[in-house]
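Comments concern the structure below.
The values are calculated or read from the model by the stated rules, or taken from the named source; none is laboratory data. Computed from a prediction, not measured in an experiment: that's the story for all the values here. Every residue, glycine among them, receives a Cβ derived from its backbone with ideal geometry; neighbour counts consider all protein chains shown.
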Amino acid sequence: MMTTRQKVRRAIILVSFLLFPITLDYFSPYIIINGASQGIIAGSFIIFSRLFLFSLFFGRVWCGWVCTGTGLQEPGFGVSNKKARGGKFNWIKYFIWVPWIGIIVVAAVSAGGFRKINPLHMRETGISVAEPANYMMYFTIVGSVVILSFTAGKRAFCHYGCWMAPFVIIGTKIKSWVRWPSLKLVAATDKCKQ
């Protein structure tokens with residue numbers, strides 16, 4: 001039987017997934033680069049910065065309670081119960097993340113630094129999937145997450161392809177290293193049924 005907390009968590013990640021057509025560009029790796037090349041702090045820059053800061057105090061709560069990718073992958077657990085290999089392939093997301101951060105830095109430096117904040121950069125309506133052409137990107141991302149989850153196992157996208165995960169992981173490691181008080185979840189193994 002699912003606890004009330006798990007029901008609330010699942011409801012939150014489901015709502016997060018349902019809002020993904022609106023929020024997609026606020027997690028865009030491309031829009032942050034485009035904004036940086038023009039000296040603009042875009043909405044995705046703000047989201048990723050806050051995600052990192054949030055992880056300094058709350059660890060990986062974002063990943064399990066709010067992330068759209070989690071909301072997309074968890075319903076598939078009943079179809080594919082295979083566990084992701086994790087450990088030895090976790091480097092793949094850093095292979096994506098490190099060059100991406102490098103490109104953002106180079107773009108910002110080339111533009112002479114950040115001079116403007118525009119959370120709606122490249123998205124004047126505030127809605128990410130506002131035109132038919134945007135659906136192609138939306139379905140590509142959703143399809144990639146689902147296919148990776150079904151073929152490589154539970155939360156495979158989180159382990160291997162998520163460009164947001166390193167922000168949370170690095171923030172959590174800094175939090176642990178500094179040892180300041182923060183939210184800590186501890187498993188009650190005696191209550192586990194499976």
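Can you say whether Ser149 is assigned to a loop (DSSP other than H, G, I, E, B) and either modelled with pLDDT of 90 or more or within 24 Å of Ile47 (Cβ to Cβ) (or both), as far as the supplied structure shows?
no
Which of the residues belonging to segment 152-194 are of a type in the set (Ser, Thr, Tyr) and either under 18 Å from Trp62 (Cβ atoms) or modelled with pLDDT of 85 or more (or both)?
Selection gives Tyr160, Thr172, Ser176, Ser182.
Looking only at segment 60-72, decide whether some residue is closer than 18 Å to Arg123 by Cβ and not basic (Lys, Arg).
Yes; the residues of segment 60-72 include at least one that is closer than 18 Å to Arg123 by Cβ and not basic (Lys, Arg).
Need the failing condition index for Ser49 against (1) in contact with a Pro (Cβ under 6 Å, 6 or more places away or on another chain); (2) over 20 Å from Glu131 (Cβ atoms), just the number.
Every condition holds for Ser49 apart from (1).
Would you check which residues across segment 39-59 are more than 22 Å from Met136 (Cα to Cα), among the polar types (S, T, N, Q) and buried (at least 16 other Cβ atoms within 10 Å of the Cβ) and list them?
Result: Ser55, single match.
Any residue at all in segment 78-98 that is modelled with pLDDT under 90, out of contact with any Leu (no Cβ under 7 Å at 6 or more places or on another chain) and within 15 Å of Ala11 (Cα to Cα)?
No, the conditions are met nowhere in segment 78-98.
Identify the residue in segment 1-38 that is in a helix (DSSP H, G or I) and of a type in the set (Ser, Thr, Tyr) and, among all such residues, is surrounded by the most Cβ atoms within 10 Å (Cβ to Cβ). Before the answer, list the steps.
Within segment 1-38, the first condition is being in a helix (DSSP H, G or I), and the residues that meet it are 4-18, 20-27, 29-37.
Applying the additional criterion that residues be of a type in the set (Ser, Thr, Tyr) yields 4, 16, 23, 26, 30, 37.
Details: Thr4: 7, Ser16: 18, Thr23: 18, Tyr26: 20, Tyr30: 13, Ser37: 15.
Across segment 1-38, the extreme among qualifying residues is Tyr26.
Could you go through segment 180-191 and let me know if any residue there is part of a helix (DSSP H, G or I) and within 20 Å of the chain's Cα centre (by Cα). If you could, list the steps in order and put the result at the bottom.
The first filter runs over segment 180-191 and keeps only residues part of a helix (DSSP H, G or I), leaving 189-191.
Of the ones still in play, those that are also within 20 Å of the chain's Cα centre (by Cα) are none.
No - not one qualifying residue is present in segment 180-191.
Please give the number of the condition Ile32 fails out of (1) touching a helix residue (DSSP H, G or I) at 6+ places or on another chain (Cβ under 6 Å); (2) aliphatic (A, V, I, L, M); (3) at pLDDT below 95.
It fails just one condition, (3).
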